[in-house]
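Report on the following structure.
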Amino acid sequence: MSEDCIFCKIVNGQIPSKKVFENDTNIAFLDIRPISTGHTVVIPKKHYSTIEKLPDEEVGNLFKAVKRVALLLHEKLEIDGYNIVQNNYKAAGQVVEHSHVHIIPRNKGDRKIELNVPKEGASEEQLDQVLEKIMA
Ligand code: AMP
Ligand code: ZN
């Protein structure tokens with residue numbers, strides 16, 4: 001547990017949440033600033049700052065919980081789909097430093113999240129350059 005962490009406080013009941021799922025290792029609750037109706041956050045009960053810090057077993061537990069909650073939302077809410085989003089570090093928009101996964105319900109044409117994909121693709125050379133760096 002981390003003292004100043006808002007999600008740790010939710011786990012131990014110090015601050016309230018609208019819980020939609022709980023098991024031994026994980027909880028899921030409604031996001032207080034939802035991108036869309038039913039926007040839910042799934043977290044490990046233990047504090048880890050980013051996905052990189054989660055032991056493999058915890059990654060497994062987290063994504064099993066994500067799948068359960070995704071099925072629940074899809075079944076119970078009238079939605080056409082959902083995005084699963086996981087932000088790591090400030091540059092990627094992570095605000096709460098207790099690793100978590102967003103499930104964001106979507107409906108056709110809602111334009112809630114749009115990936116900004118450039119029209120031009122990368123050249124073969126650019127792809128090879130980055131591949132070389134990653135694989136070195
Ligand atoms: P991120 O930008 O990935 O760190 O997302 C953190 C999310 O947590 C945001 O979407 C917030 O709206 C949400 N959030 C922050 N505090 C609470 C809270 N007390 N209960 C529910 N959701 C929260
Ligand atoms: Zn925490």
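Bear in mind these aren't lab numbers, they're just calculated from the coordinates by the rules spelled out. Predicted, not measured: the structure shown is a model, and the values here were computed from it. Glycine also receives a Cβ, built like all others from the backbone with ideal geometry; neighbour counts cover every protein chain displayed.
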Cβ-Cβ FRET estimate between LYS133 and VAL85, R0 fixed at 22 Å, reported to 0.05: 0.30
Nearest-0.05 FRET efficiency for ARG33 and LYS53, computed from C-beta distance (R0 25 Å): 0.50
Label-zone membership for region 1-43, site LEU77, 7 angstrom Cα→C-beta point, backbone N under 18 Å: 17-22, 27-43
Could you work out the helix-only [θ] at 222 nm for the chain, with each DSSP H run of four or more residues adding -39,500 (n - 2.57) and the total divided by the number of residues, to the nearest 500 deg cm²/dmol? -9000 deg cm²/dmol
Determine which aspartates and glutamates satisfy two conditions relative to LYS64: a Cα distance under 17 Å, and not lying fewer than 8 residues away in the same chain. GLU22, ASP24, ASP56, GLU75
Pull up the cross-link candidates among the lysines for LYS18, meaning alpha carbon to alpha carbon under 19 Å and not fewer than 8 places away within one chain. LYS9, LYS45, LYS46, LYS67, LYS76
By how many nm would the segment from ASP4 to THR25 grow when fully extended, if each residue of separation counts as 0.36 nm and the alpha-carbon distance is taken off? 5.5 nm
Taking only C-alpha pairs under 8 Å that are 6+ residues apart, what is the relative contact order of the chain in percent? 23
Cα-Cα pairs above 21 Å in the chain: how many percent? 50
Less than 11 Å Cβ to Cβ from ASP80, Lys/Arg counted +1 and Asp/Glu -1: what total charge do the surrounding residues give? 0
For helix 56-76, report the angle its Cα long axis makes with the longest principal axis of the Cα atoms of the chain; keep it between 0 and 90° and round to the nearest 10°. 80
